[in-house]
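What follows draws every value from the coordinates through simple rules; no lab data is involved. Given the structure is predicted, the values throughout are model-derived calculations rather than measurements. Here Cβ is always computed from backbone atoms with ideal geometry, including for glycine, and neighbour counts include all displayed protein chains.
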Amino acid sequence: MPQGDPDNVAQETLRLIGPDPQSWVPDRDDVDHNVLVVGGGQSGSAFAFALRRAGIGKVSVIDAAPDGAKAGVWLTSARMHKLRTPKNLPGPELGLPALGFQAWYEARFGAAAYDALDRIPRLDWAAYLGWYRELTGVSVRYGTRLVRIEPAGDHLRLHLEKGGATRVETTRKLILASGFAGSGGAYVPDVLTQNVPKSGYAHTSERIDFEALRGKSVAVLGSAASAFDAAAVALETGAREVHLFARRDNLASLPVIRIRGYPGAYDNYGSLPDAARWHQAIRFRRAGSTPPPDAISRAVQFPNFHLHLASPWTAADPLGRRFVASTPHGKIAFDFAIAGTGYTVDLDAQPELREFAGEILRWSDRFTPPHDEQDDTLAAYPYLGSGHEYLEREPGRAPHLKNVHVFNPAALVSFGLPIGDVPSFKRDIPAIVARISRDLFLADLASHEERINGSIAEDFAAELYASAVWRSPHTVAAE
């Protein structure tokens, strides 16, 4: 494929699929939006396009970031050189290859350059997403944060904060597509938060001034991908030394999620019995999150990188202007700590859910695992419906929950993937859009019945074919 402007082929594809269907959802005087999507990154953009192609109008996308450059993770907290996922996985193009990353990349750099890629460079992915958003005409309201969800009969009242002011908007459906920030947020162990001032540590999800760490001793807690990425950036920026502490006695290297990526398991995962889904979540938890080999090599190449295995922190204490961490194998002094300790799913900690978090069905309410598969962390995950919607703990007490659809990591136990990452797009975005379409249609069934049973003009009159109607010779003779 020759290099060139990818817009030409993509715009031709959009022309060939025809104009967006006219919105079929009846307007309601007391409702501002049919769907509001929280999160304007790759997921929110894909949802906006998919909903529009489904003929669902009055869709709005909000993002707390002040502008597009700071939305999502790819130009902010993500520090890997390349995405973790295979380059050929379907993404936000949703079945239209000309809108996919491969078409975008080949149009710029050629097919040979794409063939030479093993995985997608992070900065190229960020550029592609910006192109996709512009090409599909997705509009995001930046600097807007959801702070409260208030049930209001058959719709939701959303309290949105922008520029220090709060306003209320209403929606019939809500999609939570804001990643870990929408499911509980960053996890930082107590040994840090209770013993080290905030100026002395940061989580990998935060912006970190690595230049300020030049010549410093840096401690990194955790051994998954983000921990190794942060360690590598600190070393590349000139840290004197980096010590990475892993709880396990070896690095996780078994990608258990990958083995169930074939179509049968991928497409039908949500239909598995609860025991099977729980077992897969336990396997993933026990195997651990695997850092890619190149992320490990990126840090290990530095002689001043030191890996501490089987070394959870048992204490952290001040040491003059520095700190000292205690582990089962001794003590290490450091100037700054980075927590690459992952994220938590804690619905009670989400301010927008706080009023009714206790009404949401959890896995602990629905499934009792065998003794050897007990896990309090996974038990706190929401037990979601087939459209990723929250379900009620007690039927009838919180019917509004069915209008909140979860497209973030809280859906892991129910659907078996890190929801919101690229692998989840092909299966779960169409499923959620289909459920929203069905719910909106059935909620206005009387209106639609009136519409589909209404009067309709004939396409033609009988005179159009009257001259060709066959008449029996006997009939003609009798006349």
Handout entry: Cα-centred dipole magnitude for the chain, charges only on beta-carbon of K, R (+1) and D, E (-1), debye, nearest 20
Key = 1580
Exercise for the section: Just the ratio, please: alpha-carbon radius of gyration of the stretch 59-138 over 2.2 N^0.38 Å, N its number of residues. Expected result: 1.13
Fill in the blank from the handout: The farthest towards the positive end of the charge dipole of the stretch 170-305, of the residues A212, A227, A275, given +1 on Cβ of Lys and Arg and -1 on Cβ of Asp and Glu, is A275
Fill in the blank from the handout: the stretch 338-457 -> Rg/Rh from Cα coords, Kirkwood Rh, value 1.09
Completion exercise
Per-residue ellipticity at 222 nm attributable to helices in the chain (runs of n ≥ 4 DSSP H, -39500 (n - 2.57) apiece, nearest 500 deg cm²/dmol) works out to -8500 deg cm²/dmol
Exercise for the section: Report the local net charge at P292: Lys and Arg +1, Asp and Glu -1, summed over other residues whose C-beta lies under 15 Å from its C-beta. Expected result: +4
Handout entry: Spatial separation of Cα centroids for the stretch 272-325 and the stretch 158-183, in angstrom
Key = 33
Handout entry: Label point distance in nm, K70-L16, each placed 7 Å from Cα along Cα→Cβ
Key = 4.1
Handout entry: the stretch 425-479 versus the stretch 79-107: alpha-carbon centroid distance in Å
Key = 40
Practice task
Enter the angle in degrees (range 0 to 90, nearest 10) between the Cα long axis of helix 122-136 and the first principal axis of the Cα atoms of the chain, meaning the one along which they spread out most.
Solution key: 20
Handout entry: Cα centroid separation - the stretch 36-74 against the stretch 336-379, whole Å
Key = 26
Handout entry: Alpha-carbon Rg/Rh ratio, for the chain, with Rh computed the Kirkwood way
Key = 1.07
Practice task
Given the peptides 194-200, 329-335, arrange them by the average over their residues of other C-beta atoms within 10 Å, most packed first.
Solution key: 329-335, 194-200
Fill in the blank from the handout: Residue by residue through the stretch 105-119, the couplings from Karplus 6.51 cos²θ - 1.76 cosθ + 1.60 with θ = phi - 60°, in Hz, x for Gly and Pro, are 5, 5, 5, 8, 10, x, 5, 5, 5, 5, 4, 6, 6, 8, 9
Practice task
Tell me which residues come under 5 Å, amide H to amide H, from T170 once H is placed; ignore anything under 5 positions away on its chain.
Solution key: D32, H33, L158
